[in-house]
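The structure appears below as structure tokens.
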Amino acid sequence: MMQNPEPKIADERADTPAEAEAEVQTIMAAATRLGVEVDEAETTQWITAMKSSETGAFRVDQEAGVYGHRVTLLDFDPKDLARYRRLAAIVELPDRPGLQTAIALSGSAAQSRVQLYPGDADFFERVHIQAPTRQEACHILGQAMREKALAFLKGPNYELTEVHWGSYLSDVVREGRRYQIGAAISWSPADVAAGQFEVLTVDGRRLTIDWAYGEHDPGWCKLDWIVTEPEENRVVAVSNMLDVTWEAPDGHIVPLDGFIDPYYQEVYLDAESIPLFSKLVDQLSPRCLQEYVSQLEGEVRKYTHHRPPNYGKAARRLYNIFRLTGRWKEAAFIRELFDEPAARLYQVWALLDTLDEAMKLQANLDPQVLVHQVDDLIRTVVRITEGPLEERIVTALLRLRDGITGWEELGDARFGLLAVSQGDVAELVNEFFRGRLMAMPEVAAYVEQLAAEAEG
């Protein structure tokens, strides 16, 4: 069994019943003041579970066959496991000689008890390569990624949309846009199939970027698909982010992008990969939790104090900070916000991006599923919003629907309709989360403290 690589930030002492009751009552009072519905018994149960005196961060759910950080597992609902394993079969790199993997859900999909309305399905895969040299490890990775992309380029219910593989070794110009040295390389499905594409150097010379070019510096490795789920009348964006490590013959483990990602938001889907997972997370820094929280704090500052703000994304990161650092009262309050009907606007926001990608692929995906998806978005907006914003969003979505069915030829107008809809939904999401987050004194004080530290 792996050793827990982190010191505890949270003070996990057992509260007295009076202290625990006081925390829950504070949450109830704040929720009542803001018109947020809170299940008192469930909130008490969640806080009690989070304050469990069990030691160690790593847990296995034997019945479901999944594992991950104990806090993350408490927020994961295994009822959708069959669905996520079907999606994983599309996106995961399979094991092969010299290459082992561990596939996991991440983000909102891994917090399905909390974030009831995920707009996409994000996967995270640890890819571990044993090879004589780093160069050979990068070659094995490149082969595995391209073979996966070509094998799942297009199917009856899925289509590859993009692959990130490699980094530019010099400044280049591609389709009129300049990319600086070190920028991640994006490959379209056609680029992947051809195995190359052309760019211009800054002095105007033609340069061919072939697939092997990515082996010099794999950088940020990610694959994206659009998947239709006809039984659910749903189109979903599905991604797989790779965290790649190379093990040298002497046993030394090197992350190919310079950093081994921590595991605080992941639910691993195959218990057989525990030995690999254990080997890799044992390489994590003893300060990995503090470093991870600091990273999240930086993102909270960005989303709350830069323009335009994004309080929906800030709320997600604040929830993770509070649940990992033992601030159970604040975490429990934010947890309830994601259960509110208005939180589904966050899903609408994400699904508009998915809808755009799906409409580009309309000839290859069932248009009836897209129509059902738009209809569901319209119903959601009508239930939650009112006034001029509702009218503007619904009008735009109806025109998008007509574009799918062929009633209207949208052309480039699609981009404007999507931009209007996303802008209006973003305004509603920000209004909902900002008003409620900042109305809880402890949360507001924390956000302002982060801003003050950055200015100081």
Filtered residues of region 299-319 (kept if in a helix (DSSP H, G or I), out of contact with any Asp or Glu (no Cβ under 6 Å at 6 or more places or on another chain) and without any contact (Cβ under 8 Å) to a residue 24 or more places away in the chain) = 299, 302, 303, 313
Which condition breaks for residue 282 when tested against (1) over 16 Å from residue 129 (Cβ atoms); (2) surrounded by 16 or more Cβ atoms within 10 Å (Cβ to Cβ)?
-> (2)
When the residues of region 173-199 are filtered to those that are more than 16 Å from residue 217 (Cα to Cα) and aliphatic (A, V, I, L, M), which remaining residue is nearest to the chain's Cα centre (by Cα)?
-> 192
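When you scan region 136-152, do you find a residue that is at pLDDT below 95 and out of contact with any Cys (no Cβ under 7 Å at 6 or more places or on another chain), even just one?
No, because not a single residue in region 136-152 is at pLDDT below 95 and out of contact with any Cys (no Cβ under 7 Å at 6 or more places or on another chain).
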Among the residues of region 253-269, is there at least one that is of a type in the set (A, V, I, L, M, F, W, C), out of contact with any Ser or Thr (no Cβ under 8 Å at 6 or more places or on another chain) and buried (at least 21 other Cβ atoms within 10 Å of the Cβ)?
-> yes
Answer with yes or no whether residue 439 is in the same structural domain as residue 30 (by TED's automatic domain parsing), modelled with pLDDT of 80 or more and not in a helix (DSSP H, G or I).
-> yes
For residue 175: the one exception among (1) crowded, with 20+ Cβ neighbours inside 10 Å; (2) on the phi > 0 side of the Ramachandran plot | (1)
Which listed residue is of a type outside the set (A, V, I, L, M, F, W, C) and in contact with a Gly (Cβ under 8 Å, 6 or more places away or on another chain), from 250, 224, 210, 243 = 210
Out of (1) surrounded by fewer than 23 Cβ atoms within 10 Å (Cβ to Cβ); (2) of a type in the set (A, V, I, L, M); (3) more than 20 Å from the chain's Cα centre (by Cα), what's the single condition that is false for residue 343?
-> (3)
Qualifying positions in region 320-333 - in a helix (DSSP H, G or I) and either more than 18 Å from the chain's Cα centre (by Cα) or modelled with pLDDT of 90 or more (or both) = 320, 321, 322, 328, 329, 330, 331, 332, 333
Which of the residues spanning region 262-286 are more than 30 Å from residue 154 (Cβ to Cβ) and within 18 Å of the chain's Cα centre (by Cα)?
-> 262, 263, 264, 265
Here are some conditions: (1) assigned by TED's automatic domain parsing to the domain that holds residue 167; (2) at pLDDT below 95. Residue 292 meets all but one. Which one does it not meet?
-> (1)
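Residues that are assigned to a helix (DSSP H, G or I) and touching a residue at least 40 places away in the same chain (Cβ under 8 Å): does region 195-206 have at least one? It would help to see each step written out before you state the result.
Looking only at region 195-206, we keep the residues that are assigned to a helix (DSSP H, G or I), and these are none.
No, region 195-206 contains no residue that is assigned to a helix (DSSP H, G or I) and touching a residue at least 40 places away in the same chain (Cβ under 8 Å).
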What residue, of 222, 154, is in contact with a helix residue (DSSP H, G or I) (Cβ under 9 Å, 6 or more places away or on another chain) and in the same structural domain as residue 122 (by TED's automatic domain parsing)?
-> 154
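The values are calculated or read from the model by the stated rules, or taken from the named source; none is laboratory data. Source: prediction; values computed, not measured. Glycine also receives a Cβ, built like all others from the backbone with ideal geometry; neighbour counts cover every protein chain displayed.
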